[in-house]
1. Roughly speaking, what is the stretch gain from SER63 to LEU225, that is 0.36 nm per residue apart minus the C-alpha to C-alpha distance, in nm to one decimal?
2. Going by Cα centres, region 53-117 and region 162-220 are how many Å apart?
3. Which net charge results for the neighbourhood of SER234, defined as the other residues with beta-carbon distances under 15 angstrom from its beta-carbon, given Lys and Arg at +1 and Asp and Glu at -1?
4. Would you calculate the separation in nanometres between label points at GLN274 and VAL76, each defined as 7 Å from the Cα along the Cα-to-beta-carbon direction?
5. Say R0 is 22 Å: what FRET efficiency, to the nearest 0.05, do ASP174 and TYR199 get from their beta-carbon distance?
6. If you stretched the chain out fully between LEU93 and GLU108, how much longer would it get, using 0.36 nm times the residue separation minus the C-alpha to C-alpha distance?
7. Looking at region 38-316, send over the antiparallel percent of its DSSP beta bridges, to the nearest 5.
8. Angle, helix 254-267 long axis vs. longest principal axis of the chain, Cα atoms, 0 to 90°, nearest 10?
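Derivation of every value follows stated rules applied to the coordinates shown; laboratory data play no part. All of these numbers come straight from a predicted model, not from anything done at the bench. Positions of Cβ are generated from backbone atoms using ideal geometry, with glycine treated the same way; all protein chains shown enter the neighbour counts.
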Amino acid sequence: MTVYIYVQHNTAILIDKGMGLLYNYNLINVIFERMMMMKKVVTIQDISCFGKCSLTVALPIISAMGIETAVIPTAVLSTHTGEGFTDYTFRDLTSDIPAIAAHWKSMELRFDALYTGYLGSPEQVDIISDFFDSFGRRDNHIIVDPVLGDAGKLYAGFTSSFVEKMKKLCAKADFIIPNMTEVSFLLGIPYTDSYDEAYVKDVLRRLAGLGCRVPVITGVHFDSLMQGAAAYDSEKDEFYFSFDKNVDHHFHGTGDIFSSVFTGACALGMSLQQCLDIAVKFTLDCIEATVPNIEETWYGSCFELCLGKLIGYVKEK
Ligand code: PXL
């Protein structure tokens, strides 16, 4: 029996040639549409068991955007390594990654976006680079958040050889999403918190020189009123900016929030400007939701309180 399915407007028509039957199934259409629309992302970063960053942020955020989210944990830590935590545990999962990749390859899994965050060791960066070669395609996106540091300093445990490896990984990415600290380490230039638009455009061009198609810088501000992100599409030679209200507080994990929303938006096929706008807006929502809880939630942001809004933003686009 051969069944042909035609999807037209809001209905699916099933035609069984042999029996000459013709069915019109609205319900099937709904399932069919959802299957066709459901995007798949794989995110590769650590699990900080407590501390609201990396996978515990990326997984709920990308899932809330209606995207199937596969994960490869790079390491398990008891907390993140940022300010306020000491004596954390660290279990390296580097040796698990090639076997996971081989299993997935045998199943011919395909992803609409490959998104990396915190990586635990230089060897791990090489393995992820191979993963990009295996799972990158002309029609999917490789997004690298080159997690290296903040406020002018490298995170605990990172060295200049790790920075060199990360630069090579950036060369394979369609999008990289550094903050200004990471920009300074990737380009080998002094960190500055005071700059103008010409400076941002210059460093964006130099980041594209690393080999990635679209560098995106987070936490960009030209005054104390507005904060946002800047991007450069090197193929089109066009710059993009998105700003919203600046809130004078800094919370750990907001870079992970931005990159996760950006990745989700990319996988959903939004334009670069839309990706920037939704990521900037949601990151601000999370910061504003955290301010009243600052005493209790000093180690991360209250993104959980904003997931409903994110679902709304996705529906609007
Ligand atoms: O948010 C970035 C991040 C992710 N994972 C771990 C970290 C950090 C930043 O400090 O320590 C383990």
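1. Computed gain between SER63 and LEU225 is 55.1 nm.
2. Here the answer is 23 Å between Cα centres.
3. Here the count lands on 0.
4. About 3.9 nm separates the two model spin labels.
5. Taking R0 as 22 Å, the efficiency between ASP174 and TYR199 is 0.35.
6. Extending this stretch completely gives an extra 3.1 nm.
7. Bridges in region 38-316 that DSSP calls antiparallel: roughly 40 percent.
8. The angle comes out at about 30 degrees.
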